[in-house]
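Asker: Just passing along the structure, written as structure tokens.
The values are calculated or read from the model by the stated rules, or taken from the named source; none is laboratory data. On a predicted model such as this, the values are computed, not experimentally measured, just so you know. Cβ coordinates were reconstructed from backbone atoms using ideal geometry, including for glycine residues, and neighbour counts include every protein chain displayed. All accessible areas refer to the heavy atoms of the entire protein, side chains included, with ligands and DNA or RNA removed. Shrake-Rupley method; radii C 1.70, N 1.55, O 1.52, S 1.80 Å.
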Amino acid sequence: MIVAGTLGGSPIIDRLAAKGKINASAVEGKWEVFGIETVDKPMKGVRRALVIYGSTPRGTAYGLFHLSRLMGVSPWVWWADVIPEHKDGIYVGGSCVSKEPSVKFRGMFINDEDWGFTPWAAHGLDKSVGNVGPGAYTKVMELLLRLRANTLWPAMHACSFGFWADKANVDVARRYDIVLGSSHCEQMALNNLREFGPFLKRMGYVDIPADKLYNEDYLKQFYNWTTHPDWVKEYWAMRVGEGRGMDVMYTLGMRGVHDRGINGFRDSKATARGLDDIIAYQRQLIADSLGGDPTKIPQLFIPYKEVLEAYNEGLQLPDDVTLCWVDDNHGYIRQMPTPDEQKRSGGNGIYYHLSYYGTPISYVWLSTISPTLASFELTKAYNQNARTLWIINVGDIKPQECEFEFCMDLAYDIDAWKPQDAWRYSRHWSAETFGDSVADELAEIRL
């Protein structure tokens, strides 16, 4: 018999804990920890059972998928058709207890999805939607759990429907217990390119022509804190209200409608002062809408591009807000937290690119950030207390399988791949994915 459940959420697991059959104290109250034990006589009529128990639902899922990995099932079993090696039998005994993950929130940002992820979903798993929908997101979220990740920034280009606009997507996130967030240009978990125009039209504020509904240049005149603050406030309030009962990390601040600078402020100093007011409002909105202490709701500030200039002009952030630092789009983190910033109660995070589409150089569909470079940069960030959040820009997901799995392995256990050893990961991954007989040759090609 195999029994799996979460402490405090499974009557069977709780009974085994009360009887001392499992080592519940080793996982109880910890972040996403699991235990696996073979238990004699766990219940009447059962001689022996394999018991997987977690401190949280995600911890339980990681325990199940840990067992799956030990059996030889790749996390990419579906995504990359990695057929497990045949085994005549599976044997297990003894017990183990996992560690707490090194980084609290870990996951991916699906980005620049116009030519890969979105049309693939529209013509495959989400034909009924005709775009990215719950079929594709179900597979994405299963992959995240298989990789011991827990956070998703959904696809957000104009080609993709807004994630929250389809309640079936939100239901998938709830079922898989995935934390939802949003990028540096999507404050308050909103997809501006897809949601702001329809919001204005639905509310009767602007009679937007059909060809302008998702037009960034047209919409930017309205997405402006200095000229239309009430519209912007109501727009943000819409999403925070929809986030009640969901596990959401809210990105604070403001930029343009999409990946451009904020409108309405003449320079970095004025932007910094404007962001002071904007963030104060957003914090009050979170407190009013979600109830209670806003410091208990995960919040994020991403000093990326011109926002970094505004931050360096003296923008004051509440101490509990996580500061998320960004690389230069090519794998080198631009600015690390100072000793004072490292002491923040909200901690620090990293937004890191394995794929980039932009000026002056793009790299999509070709993975050029090596595990060695990622290990040097991310380990350096971890050692400077960037331990609250790691989000990896994976573009269309493919062909970032090896590198993304490396980043998630490192986020789960920072000691697993030291920078000086990270070059060996290509062989390790090739052996697990394609078999030991070809691992040397594949690793040499990858290097």
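Asker: Go through segment 315-326 and give me each residue that's of a type outside the set (A, V, I, L, M, F, W, C) and either free of Cβ contacts under 8 Å to residues at least 12 places away in the same chain or in a strand (DSSP E or B) (or both).
Answerer: Hit for segment 315-326 is 322, nothing else.
Asker: Would you call residue 222 assigned to a loop (DSSP other than H, G, I, E, B), surrounded by 18 or more Cβ atoms within 10 Å (Cβ to Cβ) and either touching a Pro at 6+ places or on another chain (Cβ under 7 Å) or free of Cβ contacts under 8 Å to residues at least 40 places away in the same chain (or both)?
Answerer: Criteria met by residue 222.
Asker: While we're here: Suppose the filter is modelled with pLDDT under 95, under 27 Å from residue 218 (Cβ atoms) and part of a loop (DSSP other than H, G, I, E, B); does residue 261 pass it?
Answerer: Answer is yes for this residue.
Asker: Still on this structure, I have one more. Which residue, of 138, 151, is touching a residue at least 40 places away in the same chain (Cβ under 8 Å), β-branched (Val, Ile, Thr) and on the phi < 0 side of the Ramachandran plot?
Answerer: Only one candidate qualifies: 151.
Asker: Answer yes or no: is there a residue in segment 230-241 that is more than 28 Å from the chain's Cα centre (by Cα) and open to solvent by less than 50 Å² (accessible area, probe 1.4 Å).
Answerer: No: segment 230-241 contains no residue that is more than 28 Å from the chain's Cα centre (by Cα) and open to solvent by less than 50 Å² (accessible area, probe 1.4 Å).
Asker: Please enumerate the residues belonging to segment 169-183 that are open to solvent by less than 10 Å² (accessible area, probe 1.4 Å), of a type outside the set (A, V, I, L, M) and assigned to a loop (DSSP other than H, G, I, E, B).
Answerer: Matches in segment 169-183: 181, 182, 183.
Asker: Please go through segment 82-138 and pick out each residue that is among the polar types (S, T, N, Q) and not in a loop (DSSP other than H, G, I, E, B).
Answerer: 95, 118, 138, listed by residue number.
Asker: While we're looking at this one, here's another question. Looking at (1) open to solvent by 10 Å² or more (accessible area, probe 1.4 Å); (2) out of contact with any Lys or Arg (no Cβ under 8 Å at 6 or more places or on another chain), which one does residue 132 not meet, given that it meets all the others?
Answerer: (1)
Asker: May I pose another question? Criterion first (under 13 Å from residue 31 (Cβ atoms) and not hydrophobic (A, V, I, L, M, F, W, C)) does residue 89 satisfy it?
Answerer: Answer is no for this residue.
Asker: Return yes or no: is residue 159 open to solvent by 30 Å² or more (accessible area, probe 1.4 Å), closer than 26 Å to residue 54 by Cβ and not aliphatic (A, V, I, L, M)?
Answerer: Considered against the rule, which asks whether it is open to solvent by 30 Å² or more (accessible area, probe 1.4 Å), closer than 26 Å to residue 54 by Cβ and not aliphatic (A, V, I, L, M), residue 159 comes out as no.
Asker: Scan segment 327-339 for residues that are free of Cβ contacts under 8 Å to residues at least 24 places away in the same chain and under 23 Å from residue 295 (Cβ atoms) and jot them down.
Answerer: 338, 339
Asker: Let me ask you something else. I'd like the full set of residues that are in a helix (DSSP H, G or I) and either modelled with pLDDT under 95 or in contact with a Gly (Cβ under 7 Å, 6 or more places away or on another chain) (or both), limited to segment 15-30.
Answerer: Within segment 15-30, 26 is the sole residue that qualifies.
Asker: Here's a follow-up. Just checking, how many residues over segment 408-430 are part of a helix (DSSP H, G or I), farther than 17 Å from residue 147 by Cα and open to solvent by less than 30 Å² (accessible area, probe 1.4 Å)?
Answerer: Qualifying residue count for the region: 1.
Asker: Right, something else. Could you look through segment 90-129, keep only residues that are farther than 21 Å from residue 391 by Cα and of a type in the set (Val, Ile, Thr), and pick out the one that is surrounded by the fewest Cβ atoms within 10 Å (Cβ to Cβ)?
Answerer: 90
Asker: Continuing with this model, one more query. Does residue 402 qualify as being under 27 Å from residue 298 (Cα atoms), open to solvent by less than 10 Å² (accessible area, probe 1.4 Å) and assigned to a helix (DSSP H, G or I)?
Answerer: Judged against the criteria, residue 402 is not a match.
Asker: Next question, about the same structure. Only one of these is open to solvent by 60 Å² or more (accessible area, probe 1.4 Å) and free of Cβ contacts under 8 Å to residues at least 60 places away in the same chain: 207, 166. Name it.
Answerer: Answer to the check: 207.
Asker: Further question: In segment 279-314, what count of residues is obtained for those that are in a helix (DSSP H, G or I) and surrounded by fewer than 21 Cβ atoms within 10 Å (Cβ to Cβ)?
Answerer: 16
Asker: Go through 332, 356 for me and flag whichever is under 19 Å from residue 377 (Cα atoms), under 22 Å from the mean Cα position of the chain (by Cα), among the hydroxyl-bearing types (Ser, Thr, Tyr) and open to solvent by less than 50 Å² (accessible area, probe 1.4 Å).
Answerer: Going through 332, 356 in turn, just one is under 19 Å from residue 377 (Cα atoms), under 22 Å from the mean Cα position of the chain (by Cα), among the hydroxyl-bearing types (Ser, Thr, Tyr) and open to solvent by less than 50 Å² (accessible area, probe 1.4 Å): 356.
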